[in-house]
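The values are calculated or read from the model by the stated rules, or taken from the named source; none is laboratory data. These numbers were taken from a predicted model, which means no experiment stands behind them. Using ideal geometry, Cβ is built from the backbone for each residue, glycine included, and neighbour counts are taken over all protein chains shown.
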């Protein structure tokens, strides 16, 4: 869905460019709705990367902390691309087993229509998002070091299809 792929794309680029300490897990967990709960239970710090609704220009990076996410009005989940993060966090808070710290690194999308590929504005924001991920991990005491041999990001949805 166009720029909705910004989170997985940024994580793929981050993983290709950075090595992290073993206490850090980098996961693309997609949009599983309330199935996020096992991934968020009893986590010390959670960094999320996703597109966000905002009046800002496409490609703008916005950050939201746990309190902001918990105070936000919880909209109904209307499509498979509504990840239900707020609902999961609220449920885990009630159960007293939610992440101690949460930061959403959001990218304002330009297009979220069907089809592969990021818009130019979101693509241009990816390097800054990757650096923000590394910065936030380091701020929390985790190692995030540039690879001496950067890899090619694994972005399977950008591989052209070949007819047999």
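Quick notes on this one:
- Residue 131 being surrounded by 10 or more Cβ atoms within 10 Å (Cβ to Cβ), at pLDDT 95 or above and in a helix (DSSP H, G or I): yes
- Of the residues making up the range 99-117, those that are in contact with a strand residue (DSSP E or B) (Cβ under 9 Å, 6 or more places away or on another chain), over 15 Å from residue 57 (Cα atoms) and assigned to a loop (DSSP other than H, G, I, E, B) are 99, 100.
- There is at least one residue in the range 38-59 that is at pLDDT below 90, out of contact with any strand residue (DSSP E or B) (no Cβ under 8 Å at 6 or more places or on another chain) and loosely packed, with under 13 Cβ neighbours inside 10 Å.
- From 26, 37, residue being touching a helix residue (DSSP H, G or I) at 6+ places or on another chain (Cβ under 6 Å), closer than 19 Å to residue 107 by Cα and either free of Cβ contacts under 8 Å to residues at least 60 places away in the same chain or outside any helix (DSSP H, G or I) (or both): 26
- Among all residues of the range 81-97, there is none that is modelled with pLDDT of 90 or more, within 15 Å of residue 14 (Cβ to Cβ), part of a helix (DSSP H, G or I) and in contact with a helix residue (DSSP H, G or I) (Cβ under 9 Å, 6 or more places away or on another chain).
- In a residue-by-residue description of the range 83-97, the property of being under 26 Å from residue 56 (Cβ atoms), without any contact (Cβ under 8 Å) to a residue 24 or more places away in the chain and either over 17 Å from the mean Cα position of the chain (by Cα) or exposed (fewer than 12 other Cβ atoms within 10 Å of the Cβ) (or both) applies to at least one position.
- Pick from the range 106-128, criterion within 24 Å of residue 70 (Cβ to Cβ) and in contact (Cβ under 8 Å) with a residue 60 or more places away in the chain, ranking: surrounded by the fewest Cβ atoms within 10 Å (Cβ to Cβ): 109
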